[in-house]
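The values are calculated or read from the model by the stated rules, or taken from the named source; none is laboratory data. Remember, it's a predicted structure, so these values are computed and weren't measured experimentally. Virtual Cβ from ideal backbone geometry, glycine too; neighbours counted across all protein chains shown.
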Amino acid sequence: MVTDVHIVIDMKREFRIVVLASGDGTNLQAILDSLHGRDGFAVVGVGSDKREARALRRGREAEVEAAVFPREEFADREARDQAMGDWIEGLRPDLVVLAGYMQLLSPAFVGRFRDRIVNVHPALLPAFPGLDAVGQALEAGVEVTGVTVHFVDEGVDTGPPILQREVPVPPSRDREELEKALHAVEHELYPEAIRMLARGEARIGAGDLPVAEKR
């Protein structure tokens, strides 16, 4: 049975987003540019495991609260995720968005924000999960790969998909060219998927295809 996901925007208030990122934060920037301060959306926090992450500067430049949770400053992953979860919960988010966040989340963290954590992956899941999806696709010799926005569960890229879009592998099979094309699609698809979630258009059900047609 297909059931509607329990994220529905109330147009009388803002839809609050916390973004976690480890690096440059280009997907964060796409979300800031497309959604933040528009149509009832607000990025209310940017968190990272890296003090030097460009994503933190992007957040501060947009006057968004930023926080750092370095793994080495906590006894273990569970302690880090407890502290990070407390910070996130204090921001009252509707959605936690992973945008190049390179740390594994503990089961307790995932359970705490069940059905409210999403990620973007540079492949048409379930194909090429995990690290180096681009390298996996090139090694497999596929002619088409793509981008998936999906819910996060306790597995590695195993959560239900929300939206997918195909990206042709260039005839040159040049990695840099393919990565550039994938990033461009990510920057379009992630804000689109967040809008779908806010409108209650995303659905969860075992074995279901993404609600939006792949294109």
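Side notes on the structure shown:
- From the options 111, 146, residue that is at pLDDT 95 or above, surrounded by fewer than 22 Cβ atoms within 10 Å (Cβ to Cβ) and small (Gly, Ala, Ser): 111
- Taking the criterion of being hydrophobic (A, V, I, L, M, F, W, C), touching a Gly at 6+ places or on another chain (Cβ under 7 Å) and assigned to a helix (DSSP H, G or I), the only residue of the stretch 105-143 that qualifies is 109.
- Just one of the listed residues (103, 82) is more than 16 Å from the chain's Cα centre (by Cα), surrounded by fewer than 22 Cβ atoms within 10 Å (Cβ to Cβ) and of a type in the set (S, T, N, Q), and it is 82.
- Residues (outside any loop (DSSP other than H, G, I, E, B) and without any contact (Cβ under 8 Å) to a residue 40 or more places away in the chain) located in the stretch 36-60: 42, 43, 46, 54, 56, 57, 58, 60
- Among the candidates 57, 13, 51, 71, residue that is out of contact with any strand residue (DSSP E or B) (no Cβ under 6 Å at 6 or more places or on another chain), surrounded by fewer than 15 Cβ atoms within 10 Å (Cβ to Cβ), modelled with pLDDT of 95 or more and basic (Lys, Arg): 57
- Cross-chain or 6+ apart pairs with Cβ under 6 Å, the stretch 87-100 first and on the phi < 0 side of the Ramachandran plot, then crowded, with 18+ Cβ neighbours inside 10 Å and of a type in the set (Lys, Arg): 95/116; 96/116
- Tally of residues being touching a Leu at 6+ places or on another chain (Cβ under 9 Å) and either surrounded by fewer than 21 Cβ atoms within 10 Å (Cβ to Cβ) or basic (Lys, Arg) (or both) across the stretch 19-43: 1
- Condition met for residue 165 (of a type in the set (Lys, Arg), part of a helix (DSSP H, G or I) and at pLDDT 95 or above): no
- Subset tally (residues that are among the acidic types (Asp, Glu) and out of contact with any helix residue (DSSP H, G or I) (no Cβ under 8 Å at 6 or more places or on another chain)) for the stretch 74-106: 2
- Scoring residue 177 on the criteria (1) outside any helix (DSSP H, G or I); (2) of a type outside the set (Val, Ile, Thr); (3) modelled with pLDDT of 95 or more leaves a single failure, condition (1).
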